[in-house]
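To start, the structure itself, in structure tokens.
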Amino acid sequence: MSNVKKTRKGVVVRLEPEEAALVRALMEQLVSLLGDAPGEGGELASMGIAENAVKPDDPVLARLFPDAYREDGEAAGEFRRYTEMGLRDGKREAARTVLDGLKDPGSDIVLDQERAQIWLRALNDVRLALGTRLDISEEWYEEAEQLDPRDPRAPMFAAYDWLTMLQEGLVRALW
């Protein structure tokens with residue numbers, strides 16, 4: 001079982017090989033899901049402005065990139081236009097930082113304060129994505145407990161729960 005603790009070297013994360021493989025797979029899926037920001041490649045893209053940024057149809061992407069102004073579609077679109085490329089880049093970079101930390105399986109992962117924060121952001125993004133796909137609500141523990149072990153969602157609920165514990169361990173080690 002994973003272990004997170006604060007030491008003089010930094011925050012040390014110890015993952016079992018299966019846990020590291022799960023985190024790796026989820027981070028790779030996140031990077032793939034994020035893809036390129038809409039409008040990348042245009043003249044304004046070099047300045048970080050997406051020409052065609054709209055609220056994503058995919059519920060996970062909509063959760064990762066929510067409208068800034070729910071009551072004002074025009075303002076939300078303008079805000080998205082100026083921020084989405086940078087937000088996507090940041091989320092991809094965070095996921096890749098986690099992936100880089102998982103390159104040496106079986107060894108402790110030592111994170112300085114900055115890298116631990118990056119891991120927290122990436123884990124949060126993966127949990128949001130998984131939680132959206134599972135339609136997680138406040139009653140999710142009860143739902144998961146009553147789930148038939150053969151239900152195809154059972155491993156995803158278990159992964160969500162484990163990610164929550166890993167993220168909590170990082171938070172406790174940092175503060």
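The values are calculated or read from the model by the stated rules, or taken from the named source; none is laboratory data. What you see is a predicted model, and the numbers here were worked out from it, not measured in a lab. Every residue, glycine among them, receives a Cβ derived from its backbone with ideal geometry; neighbour counts consider all protein chains shown. For accessibility, only protein heavy atoms count, side chains too; no ligands or nucleic acids. Shrake-Rupley method; radii C 1.70, N 1.55, O 1.52, S 1.80 Å.
Can you tell me which of 33, 44 is at pLDDT below 85, in a helix (DSSP H, G or I) and farther than 18 Å from residue 119 by Cβ? Walk me through it before giving the result.
Details: 33 fails: at pLDDT below 85.
That would be 44, the only listed residue that is at pLDDT below 85, in a helix (DSSP H, G or I) and farther than 18 Å from residue 119 by Cβ.
Screening residue 111 on (1) of a type outside the set (Ser, Thr, Tyr); (2) open to solvent by less than 40 Å² (accessible area, probe 1.4 Å); (3) under 13 Å from the mean Cα position of the chain (by Cα); (4) under 17 Å from residue 168 (Cα atoms) shows it passes everything except condition (3).
Residues of region 144-157 that are in contact with a helix residue (DSSP H, G or I) (Cβ under 8 Å, 6 or more places away or on another chain) and open to solvent by 40 Å² or more (accessible area, probe 1.4 Å): 148, 153, 156.
Examine region 67-75 for a residue that is in contact with a strand residue (DSSP E or B) (Cβ under 8 Å, 6 or more places away or on another chain), of a type outside the set (D, E, K, R) and surrounded by 12 or more Cβ atoms within 10 Å (Cβ to Cβ), and state whether such a residue exists. No: region 67-75 contains no residue that is in contact with a strand residue (DSSP E or B) (Cβ under 8 Å, 6 or more places away or on another chain), of a type outside the set (D, E, K, R) and surrounded by 12 or more Cβ atoms within 10 Å (Cβ to Cβ). Only one of the numbered conditions (1) touching a Gly at 6+ places or on another chain (Cβ under 9 Å); (2) outside any helix (DSSP H, G or I) is not met by residue 150, and that is (1). Contact annotation: residue pairs with Cβ atoms under 8 Å, 6 or more positions apart or on different chains, pairing a residue in region 9-24 that is open to solvent by 30 Å² or more (accessible area, probe 1.4 Å) with a partner that is part of a helix (DSSP H, G or I), are 22/159; 22/162; 24/99.
Checking 134, 163, 130 one by one, the residue that is under 19 Å from residue 33 (Cβ atoms), open to solvent by less than 40 Å² (accessible area, probe 1.4 Å), more than 14 Å from the chain's Cα centre (by Cα) and not aromatic (Phe, Trp, Tyr) is 134 and no other.
Residues in region 83-96 that are within 12 Å of the chain's Cα centre (by Cα), open to solvent by less than 20 Å² (accessible area, probe 1.4 Å) and without any contact (Cβ under 8 Å) to a residue 60 or more places away in the chain: 88, 94.
Residue pairs whose Cβ atoms lie under 6 Å apart, sitting 6 or more positions apart in sequence or on different chains, and linking a residue in region 66-82 that is in contact (Cβ under 8 Å) with a residue 40 or more places away in the chain to a partner that is part of a loop (DSSP other than H, G, I, E, B) and of a type in the set (Gly, Ala, Ser), are 81/50; 81/53.
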